[in-house]
Amino acid sequence: MTDLMTDLGMTRRVAISFAALAVSLMLTGAAYADAVAEAKTVNDAFTKAFEACDIPAVMELYENDAVVIWPGQGEFALGKPAFEKIVKGYCASPSKPSIKVVSSDARPVGLDHIIHFGQLDVTMTGPDGKPTTLRLRTSELLHKSHGKWRYEVDHASAGIPPPAADGGKAQ
């Protein structure tokens, strides 16, 4: 009878361990899904505000001490005031950018941070007056503060164009 009691106790402990693991995996999946949805919400709000040149709405999406690194020469900002100058520069140009999300994904990092990464196509009028599109890679750290998700780090970069099919050699 003692062996049977020991076996039942062991079986119960194993069953409880598996149940805890299953609940943990379900919660992890939910946290991942929430991170993707939260990042999409912030990204969509940024796109809408940036395309409309709604500078206060853009600034509301950033932490006061946010770090922003954009692909243009000198587009590096520490804090909202420095970043606001960059956004005002884009909005002052005669061609307003349009943004199309190409890919987007996110991962939770603790309870109050999300890492978001993806690709955007940004279209603006080039110097020749014709539309030009630049593919940007994005990696962002979102932070939840005062009940809202905001950018803490926003890094966008443009890749180097691939070499010409002929290896760059003249024929």
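The values are calculated or read from the model by the stated rules, or taken from the named source; none is laboratory data. All figures in this text were calculated on a predicted structure; none of them were measured in a lab. Cβ: placed from backbone, ideal geometry, glycine included. Neighbour counts: every protein chain shown.
Annotations
- Number of residues in segment 133-147 that are more than 14 Å from Val109 (Cα to Cα) and surrounded by 15 or more Cβ atoms within 10 Å (Cβ to Cβ) equals 4.
- Whichever residue in segment 66-90 is surrounded by fewer than 16 Cβ atoms within 10 Å (Cβ to Cβ) and touching a residue at least 24 places away in the same chain (Cβ under 8 Å) and, among such residues, is farthest from Lys148 (Cα to Cα): Pro71
- Looking only at segment 94-115, residues that are within 18 Å of Gly159 (Cα to Cα), of a type outside the set (Gly, Ala, Ser) and either free of Cβ contacts under 8 Å to residues at least 12 places away in the same chain or surrounded by 14 or more Cβ atoms within 10 Å (Cβ to Cβ) (or both) come to 2 in all.
- Residue that is nearest to the chain's Cα centre (by Cα) [pool: residues in segment 112-169 that are farther than 21 Å from Gly79 by Cα and among the polar types (S, T, N, Q)]: Gln119
- Here Glu152 meets each of (1) under 24 Å from Asp34 (Cβ atoms); (2) of a type in the set (D, E, K, R); (3) surrounded by fewer than 15 Cβ atoms within 10 Å (Cβ to Cβ) with one exception, condition (3).
- Pick from segment 49-60, criterion assigned to a helix (DSSP H, G or I) and at pLDDT 95 or above, ranking: surrounded by the fewest Cβ atoms within 10 Å (Cβ to Cβ): Pro56
- The set of residues in segment 76-89 being assigned to a helix (DSSP H, G or I) and closer than 22 Å to Phe117 by Cβ consists of Phe83, Ile86, Val87.
- When residues of segment 61-75 are limited to those that are part of a strand (DSSP E or B) and either of a type in the set (Asp, Glu) or in contact with a helix residue (DSSP H, G or I) (Cβ under 8 Å, 6 or more places away or on another chain) (or both), the one nearest to Thr133 (Cα to Cα): Val68
- Residue within segment 32-41 that is among the aliphatic types (A, V, I, L, M), farther than 22 Å from Ser104 by Cα and surrounded by fewer than 13 Cβ atoms within 10 Å (Cβ to Cβ) present: no
Residues are listed down the side, and each one gets a yes or a no for (1) part of a strand (DSSP E or B); (2) closer than 24 Å to Ile55 by Cβ:
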position	(1), (2)
Cys91	no, yes
Lys96	no, yes
Val102	yes, no
His116	yes, yes
Thr123	yes, yes
Arg135	yes, no
Ser139	yes, yes
Leu142	yes, yes
Pro161	no, no
